[in-house]
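One structure is given below, encoded as structure tokens.
The values are calculated or read from the model by the stated rules, or taken from the named source; none is laboratory data. It should be emphasised that the depicted structure is a prediction, and the values quoted were computed from it without experimental measurement. Here the Cβ positions follow ideal geometry from the backbone for every residue, glycine too, while neighbour counts run over all protein chains shown.
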Amino acid sequence: MQTKIKVLHIAQAAGGVDRYLRSLLKYFDREKFENILLCSYDFNKDDYDEITDDFIQINMQREISAKDDLTSIKQVRKAIKSVKPDVVYMHSSKAGAIGRIADLGISNIKIYNPHGWAFNMDCGKKKQAMYRIIEKVLSLFTTQFVCISKAEKESAVQNKIANAKKFNVILNGIDIENCNKQLNNGILREKIGIPEDAFVIGQVGRISKQKSPDVFIRAAAKIKESIPNAYFVLVGDGDMKDEILQYAEENGLADSLKITGWVENPLSYATTFDTALLLSRWEGFGLVLPEYMLAQKPIVACETDAIPTLIDNRVKNGLLVPVESSQAVCDAVTELYNNSQLRTKLIENGKKAVYEKFDAQRVSDEHKKLIFNLLFDKKE
């Protein structure tokens, strides 16, 4: 009987990484691979019962703390020695750092997927420099990197993180089957208090600095002047929620804004949108963009990091605007409101792109090919 390839996935951050893992593991060949997930307590075991062979949780925090991180490293190392995986696959910056340090001196293949480089975040020059140094040092203990976009690989090469040959681009994808289930059970406008005749502008994502909810609400004030029946929806929660609500109250938008808070099936709320936004200041990929395309929504997104590799501005599947420009967002949304032909073109091209480029089955197949190649090369 052929022995399965044992892959230990390590993840700290939930959110986009959680969605990525669920779609990736769903399509892995269970007859050839044994998948174990070692993760923080931010993950829900029930989501992984049918797609993993084992599920291990430890205390692993996002914030840097010498004491807590050392404890996490010891627990991860203990788990690696117990599981004895053929491949240790680390997802996102914190898990990547802890996992690679914990795996030092242990014989296996080490794959690291940053899901967006920390040194590209808007976090100050000193922190960016620190993150670059950390990535360069830990790259010495990394067999291969997986980049979720060409932009992510180009950024790593430009910053001299490692030799270009170490980077593999496996373009991100979505679980089309699961997304369609959410869309088929879409939220009705009346259920969440949106007027039926409203022109709805929405965004799915954390209400935090990265996703620019402050730019969203400032753009909303401008849009309301040219589109009186405009209504605005933020699907998510986060540390900037109170700030956004206060701005809305002070600028006469309180009756035209809905913040859902954390919801189980965020894409089901996108069915209420007439136009979908992603106004990120930085973005490793922007998984919600192909979800918007599948939902047949015209898109306005910021031209940052990987986003221009997903959105072909005006030509195909969306409109791109400069980062932090509320006026440009207003202009793009107003143009879509007034131009039904443009809306139709973007919707049709977007849905076609999902099936051609952004299917999670393809992402899983490319991972399996990479792992097979690495194991073969190692044995050679």
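Against the conditions (1) among the small types (Gly, Ala, Ser); (2) farther than 19 Å from ASP175 by Cα; (3) buried (at least 19 other Cβ atoms within 10 Å of the Cβ), where does SER325 fall short? Just the number, please.
Condition not satisfied by SER325: (3).
Looking at VAL157 and the list (1) in a helix (DSSP H, G or I); (2) in contact (Cβ under 8 Å) with a residue 60 or more places away in the chain, which single condition is not satisfied?
So the condition that VAL157 fails would be (2).
Only one of ILE371, ILE299, ILE307 is in the same structural domain as ARG22 (by TED's automatic domain parsing) and under 23 Å from the mean Cα position of the chain (by Cα). Can you tell me which? Steps first, please.
Details: ILE299 fails: in the same structural domain as ARG22 (by TED's automatic domain parsing); ILE307 fails: in the same structural domain as ARG22 (by TED's automatic domain parsing).
Step by step, each of ILE371, ILE299, ILE307 is checked, and only ILE371 is in the same structural domain as ARG22 (by TED's automatic domain parsing) and under 23 Å from the mean Cα position of the chain (by Cα).
Does LEU319 satisfy being surrounded by 14 or more Cβ atoms within 10 Å (Cβ to Cβ), touching a strand residue (DSSP E or B) at 6+ places or on another chain (Cβ under 7 Å) and farther than 30 Å from LYS32 by Cα? Step through it out loud before you land on a result.
Numbers: surrounded by 14 or more Cβ atoms within 10 Å (Cβ to Cβ): yes; touching a strand residue (DSSP E or B) at 6+ places or on another chain (Cβ under 7 Å): yes; farther than 30 Å from LYS32 by Cα: yes.
When the stated conditions are applied, LEU319 passes them.
May I ask you to verify whether TYR231 is surrounded by 19 or more Cβ atoms within 10 Å (Cβ to Cβ), free of Cβ contacts under 8 Å to residues at least 40 places away in the same chain and not aliphatic (A, V, I, L, M)? So that I can check it myself, show each step before the final result.
Details: surrounded by 19 or more Cβ atoms within 10 Å (Cβ to Cβ): yes; free of Cβ contacts under 8 Å to residues at least 40 places away in the same chain: yes; not aliphatic (A, V, I, L, M): yes.
So TYR231 passes the test.
Assess whether ILE347 counts as being surrounded by 24 or more Cβ atoms within 10 Å (Cβ to Cβ), touching a residue at least 24 places away in the same chain (Cβ under 8 Å) and of a type in the set (Val, Ile, Thr).
no
Inside the range 53-132, counting only strands (runs of 3 or more DSSP E) that do not spill past its ends, which hold 2 or more residues that are under 15 Å from SER40 (Cα atoms)?
Working: elements: 54-57, 87-91, 109-113.
The qualifying strands (runs of 3 or more DSSP E) are 54-57, 87-91.
For the range 42-71, what are the residues that are surrounded by 13 or more Cβ atoms within 10 Å (Cβ to Cβ) and of a type in the set (Ser, Thr, Tyr)?
TYR48, THR52, THR71 - these are the residues of the range 42-71 that are surrounded by 13 or more Cβ atoms within 10 Å (Cβ to Cβ) and of a type in the set (Ser, Thr, Tyr).
Out of (1) aliphatic (A, V, I, L, M); (2) over 28 Å from ASN178 (Cβ atoms); (3) outside the structural domain of ILE299 (by TED's automatic domain parsing), what's the single condition that is false for VAL363?
(2)
Identify all residues within the range 96-127 that are crowded, with 17+ Cβ neighbours inside 10 Å and either of a type in the set (Asp, Glu) or free of Cβ contacts under 8 Å to residues at least 12 places away in the same chain (or both); write none if there are none.
Selection gives ASP103 alone.
Could you pull out the residue among LEU289, LEU320 that is in a strand (DSSP E or B) and either within 16 Å of the chain's Cα centre (by Cα) or more than 21 Å from TYR231 (Cβ to Cβ) (or both)?
Working: LEU289 fails: in a strand (DSSP E or B).
None of the other options fit; the residue is LEU320.
Cβ-Cβ below 8 Å, separation at least six or inter-chain, first residue in the range 160-174 and free of Cβ contacts under 8 Å to residues at least 12 places away in the same chain, second in a helix (DSSP H, G or I) and not acidic (Asp, Glu): which pairs?
From the range 160-174, the pairs are ALA164/LYS153; ALA164/VAL157.
Listed here are the residues, each with its yes/no results for (1) under 28 Å from MET130 (Cα atoms); (2) surrounded by 23 or more Cβ atoms within 10 Å (Cβ to Cβ); (3) of a type in the set (A, V, I, L, M, F, W, C).
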{"residue": "GLY15", "(1), (2), (3)": "yes, no, no"}
{"residue": "LEU21", "(1), (2), (3)": "yes, yes, yes"}
{"residue": "LYS32", "(1), (2), (3)": "no, no, no"}
{"residue": "SER40", "(1), (2), (3)": "yes, no, no"}
{"residue": "VAL88", "(1), (2), (3)": "yes, yes, yes"}
